[in-house]
Amino acid sequence: MSGLTEHSSGADIFAQPAKLMLSNDKQGARGYIAAVRGRIAMKRLMMFAAVAALAGYSGVASAQNAPAAGAAAPPAAAPPAARRAPPPEPALGEGPWDLDSAKGKVHVSVVTKGLERPWAMVWLPNGDMLVTERPGRLRLIHNGVLDPNLIGGLPKIYAKGLGGLMDIALHPDYARNHLIYFTYTKEDPNSSDESTLVLGRAKYDPGSHTLNDLQELFVADMWYGHGDLPKRCCGQGPATGSYGSRIQFDKAGKLFMTSGDRNYGEMVHDQSNDFGKLYRFNDDGSIPKDNPFVGQPGHKPEIWTTGHRNGEGLFYDNVTGKLWESEFGPRGGDEVNIIEKGKNYGWIEVTQGAHYNGEPAKGIKNVPGVVDPILTWPAPSTNPGNLIIYHADKFPQWKGDLLMGTMSRSLLRASFDAQGNVTGQERFLTELKQRFRDTRVGPDGDLYLLTDEPEGALLKVEPAK
């Protein structure tokens, strides 16, 4: 299939400022969206005036067409058909399970249950684990046992839709400074349901039940959600979805962070806002001087790359120095990307998926100025979670392979040749019928998965004996 539709060319696909490139208003994204809402309100006032002008005529017409006294009333309209509820999510058994994969059997066991929509995990130097729950809770797992006491000291968290408490990471020098980083959504206290994405930092002493020295290091300029939403293309979803928010440190101590498009993809290719970008920070939240757009008018200095829909996975490979990212497409078109400084990954104009309303994409692939994904999948959607590149010794047959939990209830493994070309893929753990949100390699070299379920669990995957 050609990389472009018959209506566009590589030269003009991003050069439609009236439709695609949005205002560089000094108030940023919030100022632009407020202006759009103002236009919506004016149109509604005009409609109300027209309705009022016709009210008298409508009343007369209604009286003239009313049934005569004693006549039977017209039959009532049938109520609209109720939407079918989604199927219940299968309950996870007690395990353990010995399951097949293309490179040998694996043994899967439950470390702990009792988690609600767990989102991310991290190991402390003493072997304890911290786990975030999207509804806004931070949990401690000690010696494989979930502590019933919550860790306090979190900020107020906006936990509607897909918002809430999300990723977590340790400072590279955590053993000395006890700093942890986490992402979450917050609500504007003066504007109901107007929310954005935040990078927070705090001190956490191992074994304790509270955070100290809480800081907001970064508040994204992607406030959105209050009142009348602007008209958007492509059948996009609610404002409480697509926040992104994975974080990773590289070997130099720089922190990378994904953001989603908030289901407002038209905002992504305006570089004066933070919708659908990948950011890069120093460990104190300041902007590195070598970020690609520092000093460029109309560009946010925190931006490292642009053109992202909803980055749900991020992994810095210390062996190769590559930064891997996974993100949702629309219907199909989910992606795995290798992130390169300053590059454009295409969304919303370029996608190998299908827009929800059938509207064609302006570009498919091989579009000049756009980096194509390393991996992508047609419909039905893969629904990617977090991903890793495996380098440990427990599974020597997986070395160099990509492993990614998916919310289509499988663990995906992809292998590559020496040139980085994909040589094979498989999906396994499908028997468990669980949505897998987070995928990590533990200090022991085993694989750990968090299930994105109301009754979520932490699972351990190791070689079967």
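The values are calculated or read from the model by the stated rules, or taken from the named source; none is laboratory data. Since this is a predicted model, take the numbers as computed values, not measurements. Glycine also receives a Cβ, built like all others from the backbone with ideal geometry; neighbour counts cover every protein chain displayed.
Figures for the structure shown
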| quantity | calculated |
| --- | --- |
| Sole residue being touching a Gly at 6+ places or on another chain (Cβ under 9 Å), aliphatic (A, V, I, L, M) and under 21 Å from Asn421 (Cβ atoms), chosen from Val350, Val336 | Val336 |
| Selection status of Leu387, surrounded by 21 or more Cβ atoms within 10 Å (Cβ to Cβ) and either farther than 17 Å from Ser101 by Cα or of a type in the set (Val, Ile, Thr) (or both) | yes |
| Filtered residues of the stretch 340-375 (kept if aliphatic (A, V, I, L, M) and surrounded by fewer than 22 Cβ atoms within 10 Å (Cβ to Cβ)) | Ala354, Ile364, Val370, Val371, Ile374, Leu375 |
| Residues within the stretch 427-457 that are over 14 Å from Leu411 (Cα atoms) and either assigned to a strand (DSSP E or B) or among the aliphatic types (A, V, I, L, M) (or both), tallied | 2 |
| Residue satisfying all of: in the stretch 241-268; assigned to a loop (DSSP other than H, G, I, E, B) and touching a strand residue (DSSP E or B) at 6+ places or on another chain (Cβ under 7 Å); surrounded by the fewest Cβ atoms within 10 Å (Cβ to Cβ) among these | Asp250 |
| Residue among Gly442, Gly363 that alone is over 21 Å from the mean Cα position of the chain (by Cα), at pLDDT 95 or above and under 20 Å from Asn310 (Cβ atoms) | Gly363 |
| Gly163 being closer than 25 Å to Gly285 by Cβ, in contact (Cβ under 8 Å) with a residue 12 or more places away in the chain and either not acidic (Asp, Glu) or not in a loop (DSSP other than H, G, I, E, B) (or both) | yes |
| First in the stretch 126-142 and within 18 Å of Arg437 (Cα to Cα), second anywhere and outside any strand (DSSP E or B) and among the basic types (Lys, Arg), Cβ under 7 Å, 6 or more apart | Glu133/Arg117; Arg134/Arg117; Pro135/Arg117 |
| Residue within the stretch 240-257 that is at pLDDT 95 or above, more than 29 Å from Ala120 (Cα to Cα) and not aromatic (Phe, Trp, Tyr) present | no |
| Selection from the stretch 254-308 of residues that are aromatic (Phe, Trp, Tyr) and in contact with a His (Cβ under 6 Å, 6 or more places away or on another chain) | Phe293 |
| Check on Asp401, more than 18 Å from the chain's Cα centre (by Cα), modelled with pLDDT of 95 or more and more than 21 Å from Glu327 (Cα to Cα) | no |
| Some residue of the stretch 373-395 being β-branched (Val, Ile, Thr), under 27 Å from Arg280 (Cβ atoms) and part of a loop (DSSP other than H, G, I, E, B) | yes |
| Residue that is nearest to Pro135 (Cα to Cα) [pool: residues in the stretch 207-240 that are among the acidic types (Asp, Glu) and in a loop (DSSP other than H, G, I, E, B)] | Asp221 |
| Selection from the stretch 271-282 of residues that are surrounded by fewer than 24 Cβ atoms within 10 Å (Cβ to Cβ) and in a loop (DSSP other than H, G, I, E, B) | Gln271, Ser272, Asn282 |
| Condition met for Thr196 (within 15 Å of the chain's Cα centre (by Cα) and assigned to a loop (DSSP other than H, G, I, E, B)) | no |
| Selected residue [buried (at least 24 other Cβ atoms within 10 Å of the Cβ), modelled with pLDDT of 95 or more, over 13 Å from the mean Cα position of the chain (by Cα) and at positive phi] from Gly321, Gly307, Gly285 | Gly307 |
| Which listed residue is part of a loop (DSSP other than H, G, I, E, B) and modelled with pLDDT under 95, from Gly342, Gly369, Gly358 | Gly358 |
